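Report on the structure given below.
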Amino acid sequence: MQSTKTTLNIEQIRKDFPILKRKIHGKQLVYLDNAATSQKPIQVIEAITDYYKNHNANIHRSIHTLGEEATKGYEEAHDKVAEFINADSYQNIVFTKNTTEAINLLAYSLTSKLKKGDEIVISEMEHHSNFVPWQQLAKQRNLKLKFIKINEEGMLDAESVNNNVTKKTKIVSLTHVSNVLGTINPIKGIAKLAHENGALMIADCAQSIPHIPIDIKSLDIDFCAFSGHKMLGPTGIGALYGKMELLEEMQPFLYGGEMIREVNFDDTKFNDLPWKFEAGTMNIVEGIGLGVAIDYLNKIGMGNIQKRDEELVGYAMKRLKEIKGLAIYGPEERGAVISFNVKGVHAHDVSQILDSEGIAIRAGHHCCMPLMSVLKLPATARASFYLYNTEEEIDKMIGAIHKVKKLFGI
Amino acid sequence: MYQEQILDHYKNPRNRGIIGNATVHHHEKNPLCGDELDVYLLIDDDKNIADVKIQARGCAISTASASMMTDKVKGKNIEEIKKMKKDDVLEMLGIPISAARLKCAILSLDTFKNAIVIFEKYIKEPGVKGER
């Protein structure tokens, strides 16, 4: 944990997020469900409105001013994403609907070249988005899917990593930060191990990219997938980063308009990267909105955001530990996510009572049913933080948890 | 929503336990929440509910709903359970249920009704011991 106090002006940041003024059941909204989706700054909201008011056209085909403006905005958004994660070029960046679609693209495209018995390695803590695509493709294509175990602390078990990543492994796909446990996985080290064994390394960065500076060159990963809506951007837009030579080799995932260079009756030549993977009219304004969200994050500084997250999580952990009869899941060192249960109370009841106080948290299995079965839990409550949250909001949550305990007589 | 009556049924569910010689035992689960309910029914020759027991694991709403349901169905004919609807359960609970919690509230109804479906489908003669 960093000890230096953040220099961010949180009050100023909060002014950029109109929804934070909302009242819920007469109480001031406290939004602590950022791992599900983040709120949007006015800059992103206005960019979307401005696009529809002043620039709306389809991209890449219209020989008119609006078409050129739309194309420029959409393409520049690819540049911004590339720069944000230290990729070489916009050509490494394929826009998708979300993380799930990016991983499906990889699952379909990469497994098409694998042979019966080839192995894919994921972990017990994966979100369904990095679980079900591999499970289903492995079944369809007779591949072997293996799972890295988690240890009691909720971290990847080192021995299990070594045992599972072998010469038979063709793909390793792991979450960077767990959306339930908050665990920050050692992606760089595992990427090295994967490469030593001749396997490809994929990182699901959905929970890391909003909070941690990501440098794909330093991590040396082959692919990375993430969603725009968890990093202040709109829903409906996500991205897949891939190394050029790998993307070039890969078969497109979706066929149709825009992804072609030339179509004849008996064959089709595909478009250049990244458009080869962006079939049909894409979510243009959402892509532009993601670019504006990245501008916003850059203005604040990802290093500052990381520091601020650490402060918030550190404070919340300290306060939560003061409450008797509360179970907290996952390691001490963690991302901006804390899963917990109030002993004797179902997470849905906790969430409902917090909602009556205006506090939004998540409750349930968090799209990680296999992990929940490993943890032997039906559900957990989860508070997740972002740059606009405050210590006062965490205090309100703590107060509301005490109210839950009082109501249930615990 | 968390009125005393609901919390009381949650903390002390009525008719908790099992029936060893149940006519029908049925288990249902709402995997999205992790709410689970086991219903044991002893059905007599006239197809009346002679005894009922439950094992409920889940949130306050689903547990309270199951508990209240046992009081409601005891002594009733299975035809009356077959006629029960979602609104009857909501009325029984007597609290506003949001759309997100509806599944919690009606898990009990589904489990009881499906227990009756199984009873009618698999157990030809009323009163015969059986478990499914």
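Throughout, read-outs are computed from the coordinates displayed, never taken from laboratory work. Only a predicted model underlies this, so the values are computations on that prediction, with no experimental measurement involved. Cβ atoms come from the backbone with ideal geometry, glycine included; neighbour counts cover every protein chain shown.
Quick look at the values:
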{"item": "Where trypsin sites (Lys or Arg not before Pro) fall in DSSP loop in the stretch A:95-170, at most 13 other Cβ within 10 Å", "result": "A:113, A:115, A:116, A:167"}
{"item": "Relative contact order (percent, whole number), chain A, Cα cutoff 8 Å, 6+ residue spacing", "result": "23 percent"}
{"item": "Entries in B:47/B:113; A:97/A:139; A:324/A:403 that, when Cα-Cα distance is taken, lie over 21 Å", "result": "A:97/A:139"}
{"item": "For chain A, built as a Gaussian network whose Cα springs stay under 10 Å, the top-fluctuating residue of A:79, A:33, A:267", "result": "A:267"}
{"item": "Alpha-carbon centroid distance for the pair the stretch A:111-183 / the stretch A:205-266, whole angstrom", "result": "20 Å"}
{"item": "Counted charge near residue A:331, where neighbours are those whose Cβ lies closer than 11 Å (Asp, Glu -1; Lys, Arg +1)", "result": "-3"}
{"item": "Formal net charge of residues neighbouring residue A:206 (Cβ-Cβ distance under 14 Å; K, R +1; D, E -1)", "result": "-1"}
{"item": "Packing-based exposure ordering (other Cβ within 10 Å, fewest first) of A:155, B:69", "result": "A:155, B:69"}
{"item": "Centre separation in Å (Cα based) which lies between the stretch B:18-56 and the stretch B:62-100", "result": "14 Å"}
{"item": "Residue A:391-residue B:5 pseudo-label distance in nm [points 7 Å out on the Cα-to-Cβ vector]", "result": "4.5 nm"}
{"item": "Positive-pole candidate from A:293, B:39, A:156, dipole of the protein assembly as shown, charges at beta carbon", "result": "B:39"}
{"item": "Rounded to the nearest 20 debye, dipole of the protein assembly as shown from Cβ charges on Lys, Arg, Asp, Glu", "result": "1420 debye"}
{"item": "Filtered trypsin sites (Lys or Arg not before Pro), the stretch A:248-334: DSSP coil and at most 10 other beta carbons within 10 Å", "result": "A:324"}
{"item": "Label point distance in nm, residue A:356-residue A:11, each placed 7 Å from Cα along Cα→Cβ", "result": "3.3 nm"}
{"item": "Fewest-first sequence of B:39, B:73 by Cβ atoms within 10 Å of each Cβ", "result": "B:73, B:39"}
{"item": "Dipole magnitude of the stretch B:4-122, debye to nearest 20 (Cβ charges: Lys/Arg +1, Asp/Glu -1, about Cα centre)", "result": "240 debye"}
{"item": "Among A:156, A:254, A:143, residue whose mean-square fluctuation peaks in a GNM of chain A (springs only between Cα atoms under 10 Å)", "result": "A:254"}
{"item": "Positive-end extreme of charge dipole, chain B - chosen from B:48, B:108, B:98 (charges on Cβ)", "result": "B:98"}
{"item": "Gaussian network model of chain A, springs between alpha carbon atoms under 10 Å - residue of A:109, A:173, A:339 with greatest fluctuation", "result": "A:109"}
{"item": "Eligible lysines near residue A:146 by straight Cα distance, threshold 24 Å, same-chain separation 8 or greater", "result": "A:113, A:115, A:116, A:167, A:168, A:170, A:188, A:192, A:376"}
{"item": "In the stretch A:121-157, the GluC sites (Glu not before Pro) that fall in loop regions by DSSP, at most 11 other Cβ within 10 Å", "result": "A:152"}
{"item": "Value of D in µm² per second that Stokes-Einstein yields for chain A, Kirkwood Rh from Cα pairs, at 10 °C (1.306 mPa s)", "result": "71 µm²/s"}
{"item": "Most to least packed among B:84-90, A:292-298 [average Cβ atoms within 10 Å]", "result": "A:292-298, B:84-90"}
{"item": "Cα-only radius of gyration and Dmax that characterise the stretch A:98-182, units Å", "result": "12.6, 37"}
{"item": "Estimated inter-spin distance, residue A:24 and residue A:262, nm [label 7 Å along Cα→Cβ]", "result": "5.7 nm"}
{"item": "Globularity index of chain B, i.e. its alpha-carbon radius of gyration over 2.2 N^0.38 Å", "result": "0.99"}
{"item": "Selection from A:320, A:223, A:190 lying farthest towards where the dipole of the protein assembly as shown points positive, charges on Cβ", "result": "A:320"}
